[in-house]
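Here's the structure, in structure tokens; my notes come after.
Derivation of every value follows stated rules applied to the coordinates shown; laboratory data play no part. The structure presented is a predicted model; accordingly, all values stated were derived computationally and were not measured. No Cβ is skipped: glycine too gets one built from the backbone with ideal geometry, and neighbour counts run over all protein chains shown.
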Amino acid sequence: MNRAKRFPYLFAAPAILLFLAFTVYPIIASFVLSFQERVGGEYVFAGLKNYTRLWNDDIFWTAMQNTFIIFVVQVPVMIILAMVLANVLNNQLLKLKGFFRVSFFLPAVTSLVAYSILFSIMLQEEGIINTALSYIGITAIPWLSDPFWAKASIIIAMTWRWTGYNMVIFLAALQNIPEDLYEAASLDGANKFKQFFYITVPQLKPVILFAGILSTIGTLQLFDEPFNLTGGGPADSTMTLGLYIYQSGFEYFDFGYASAIAYAVVVMVGILSIIQFKIAGDE
Amino acid sequence: MAKNLEVIEQSTNKLTLAERQQKKPKKKKNKLKAVWMYTLLGIFLVVSIFPFYWMFIGATNDSSKMFTNPPTLLPGDQFMTNLTNLNESIGIFRVLFNSLFVSGLYVVIALAVCASAAYVLAKYNFKGKKFIFTAFLLSMMIPYQATLIPLFQMMSDFNLLNTYFAVIAPQLCFPFAIFLLRQNFLAFPTELMESARLDGASETRIFISIVIPSMRPALAAASIFLFMTQWNNFMWPLVVLNTNDMYTFPVALSSLMGLSYIDYGQVMMGVTLATVPIIAFFLTLQKQFISGMLGSALK
């Protein structure tokens, strides 16, 4: 092979080797591991044992349910808020746009652990949020000690961190919608609401899809927030799949079982991504 | 990507002639609308910013001040006490160094690995190219957690637990960064490469002295993206690091909350120290930062 022909391989080699060692191998190894169990310090083939255990595991189903609830509430709330903010910031009359944009984006630069801890302090029984609520006549909410409110806490914290991020994505996309679409629509007598639903939303479809997929993968892997904000509790009410993988693997050192949970997540991410692409059509 | 943001800025500030003419009769209605808009934005602004302020209040006050009614809303004088205590608990300067070192080293190596792969994937034809690119793309769908356990076993087998290497290595080849950079390299004019080739430049030389310099904005955005990924990385370092002196910032912060007695002043100081440098970094490099963090969304 001459030098020019060798060049691309040479340049791609580090990435390919690292990819094989740290992505391809672990994916295969964890698939194998999910069919194994530990017997006297050795991993031996155990058939579908881990998967049947998973199927009958209440904690796994609780984690699935929690993930689902968080996903179904958090993602739409965040996307709607982000959409509203993006539309307001896109208004011609508004001044200080840059200032607002940067301020709303600011939560997205905080580290996941730092903001989770910050919220865990603010949401305590006698924390600043309950104190503030007491001034508008709301009695103390058991944010972190009640199963319902613990989920709400996670949703609120995630929405705080990610809304501005999604807003900036939507804002960028809004700018790319051709102005004459709106002009034509208003000549045809469509009011602002109609314009929003018949022009803005369809035009933003690919971007909403992108934000949706990112959020799906993110929610299914949710770990930092439940670990630091609620510890998965109370009574597993904020247990997520990510947290359960960690606990099975590194608290109970049951690598086979943890791999089975991880593979369940792989399958779900795959299915959900395909569904989202199908819903949005091929673009 | 950065260019897009400039366009956004311009197009939002510009009023078309038609709009300017419309503006006069609508003035009153507009005023009402403006009041609405600013009220809404004001509420969101308070919600977005207040936690940062509260973090600062907490870092400068005694632990108990965070749970008083009426609330303590002014900075206190416990800054140094909290800092000293925090340093005694987790060795804050060591932790800060660990995080900066790990993230910095990661950016340099990962950028070199990803940029060179992205470049040949964008600009050369070779056997297996499509297969490699598809494999990279598909792997983006796979949750990181699915690789966690074999990676841990690997590090354990090679006696690499509790090392910087173990923290950095698994994500050096970052398919998302390769994907983003490839998009940018695709736009580089192939004719420039051809003419350099005619002048006798080697392929490596073309990449280093012609392509790379013109890709600075894209590389800056990718660097920020990679830096943030590593700086925020929590689950993996939590798994592979097991002594205080090796902890990165997120792991050390999290360990503070696991102590039997939690000194909230210390914790808030930790949260502040983990957040302020990134905010400063963000405010100075806003455009690159936003395009780096949003990735392909703006393409």
Most mobile of A:V39, A:V102, A:V168 in a GNM of chain A (Cα contacts under 10 Å): A:V39
Through the Karplus equation 6.51 cos²θ - 1.76 cosθ + 1.60, θ set to phi - 60°, convert the phi angles of segment B:275-283 into ³J(HN,Hα) values in whole Hz; use x for Gly and Pro. 9, 4, x, 5, 5, 4, 4, 5, 5
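Please say if segment A:53-280 is rounded, prolate or oblate, where rounded means a/c under 1.5 for a ≥ b ≥ c the square roots of the C-alpha gyration tensor eigenvalues, and otherwise the choice is prolate for a/b larger than b/c and oblate otherwise? Don't skip to the end; give the middle numbers.
Values: a/c = 2.52, a/b = 1.49, b/c = 1.70.
Cα axes put segment A:53-280 in the oblate bin.
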Karplus 3J(HN,Hα) series, Hz, for segment B:119-133 with 6.51 cos²θ - 1.76 cosθ + 1.60 (x for Gly, Pro): 5, 5, 5, 8, 10, 10, 10, 8, 5, x, 4, 4, 4, 4, 5
Taking the alpha-carbon centre of each part, the distance from segment A:39-76 to segment B:275-291 in Å is 38
Take chain A, connect every pair of alpha-carbon atoms lying under 10 Å apart with a spring to form a Gaussian network, then pick out the residue of A:A132, A:A173, A:A86 with the largest mean-square fluctuation. A:A132
Computed FRET efficiency, Cβ-Cβ of B:Q286 and B:F126, R0 45 Å: what is it to the nearest 0.05? 0.70
Cα pair distances in chain B, grouped into 5 Å bins until the bin that holds the longest one, percent each: 1, 5, 9, 10, 12, 12, 12, 11, 9, 8, 6, 4, 2, 1, 0, 0
Please give the Cα centre distance for segment B:70-126 versus segment B:213-251, rounded to the nearest Å. 6
Hey, got the average number of other protein chain Cβ atoms within 10 angstrom for residues in A:95-105? 5
Over all alpha-carbon pairs of segment A:3-45, lay out the pair-distance distribution in 10 Å bins, whole %, shortest bin first. 26, 28, 22, 15, 9, 1
Show me, for segment B:140-152, the HN-Hα J-couplings you get by feeding each phi into the Karplus relation (A = 6.51, B = -1.76, C = 1.60, θ = phi - 60°), rounded to Hz, glycine and proline as x. 5, 7, 8, x, 4, 5, 5, 9, 4, 6, x, 4, 4
Cα-based Rg then Dmax for segment A:178-283, in Å, read 20.8, 67
Using amide H atoms built 1.01 Å from N in the peptide plane, name the residues 5+ places from A:Q36, or on other chains, whose amide H lies under 5 Å from its own. A:A46
With a 10 Å cut-off between alpha carbons and a GNM built on chain B, which of B:Y124, B:Y247, B:Y106 moves the most? B:Y124
Quick one: which residues, 5+ away or cross-chain, put their amide H under 5 Å from the amide H of B:L172? H built at 1.01 Å from N. none
Could you work out how far the C-alpha centroid of segment A:91-140 sits from that of segment B:179-209, in angstrom? 46
Mind giving me the FRET efficiency for A:V201 and A:E179? R0 is 22 Å, r the Cβ-Cβ distance, nearest 0.05 is fine. 0.85
Taking each full run of DSSP H in chain A as one helix, which ones are at least 18 Å long along their axis (Cα atoms) and have mean Kyte-Doolittle hydropathy of at least 1.6? A:58-89, A:255-280
Partner shielding of A:21-31, taken as the mean number of other chain Cβ atoms within 10 Å, equals 6
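To one decimal place, what Kirkwood hydrodynamic radius in Å is obtained for segment B:91-256 from all pairs of distinct Cα atoms? Mind dumping the intermediate values first?
Details: mean 1/r = 0.0570 Å⁻¹.
Answer for segment B:91-256: a Kirkwood hydrodynamic radius of 17.6 Å.
What ranking do A:22-31, A:47-56, B:53-62 get when scored by the average of other Cβ atoms within 10 Å per residue, highest first?
Values: A:22-31: 18.2, A:47-56: 14.6, B:53-62: 21.4.
The packing order, highest mean first, is B:53-62, A:22-31, A:47-56.
Before anything else, pin down the relative contact order of chain B: Cα pairs under 8 Å, at least 6 apart, normalised by residue count, whole percent. Intermediate results must be reported in sequence, preceding the final value.
Values: 257 pairs, mean separation 93.5, N = 299.
So the answer I get is 31 percent.
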Measuring from label point to label point, each 7 Å out along Cα→Cβ, what is the B:T68 to B:N244 span in nm? 3.0
Other residues with Cβ under 14 Å from the Cβ of B:A115 give, with Lys and Arg +1 and Asp and Glu -1, a net charge of +3
For labels at B:K33 and A:N56 in the simple 7 Å Cα→Cβ model, what's the distance in nm? 6.4
Can you tally the net charge around B:S48? Count Lys and Arg as +1, Asp and Glu as -1, for every other residue whose Cβ sits under 13 Å from the Cβ of B:S48. +2
So if I restrict to the alpha-carbon atoms in segment A:7-158, what is the Rg, and what is Dmax, the biggest pairwise distance, in Å? 23.7, 71
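What fraction of the Cα pairs in the protein assembly as shown, stated in percent, has a spacing above 30 angstrom? Working shown, then result.
Numbers: 96452 of 169071 pairs.
Tail of P(r) above 30 Å: 57 percent of Cα pairs.
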The summed charge of the B:N244 Cβ neighbourhood (under 14 Å; Lys/Arg +1, Asp/Glu -1) stands at -1
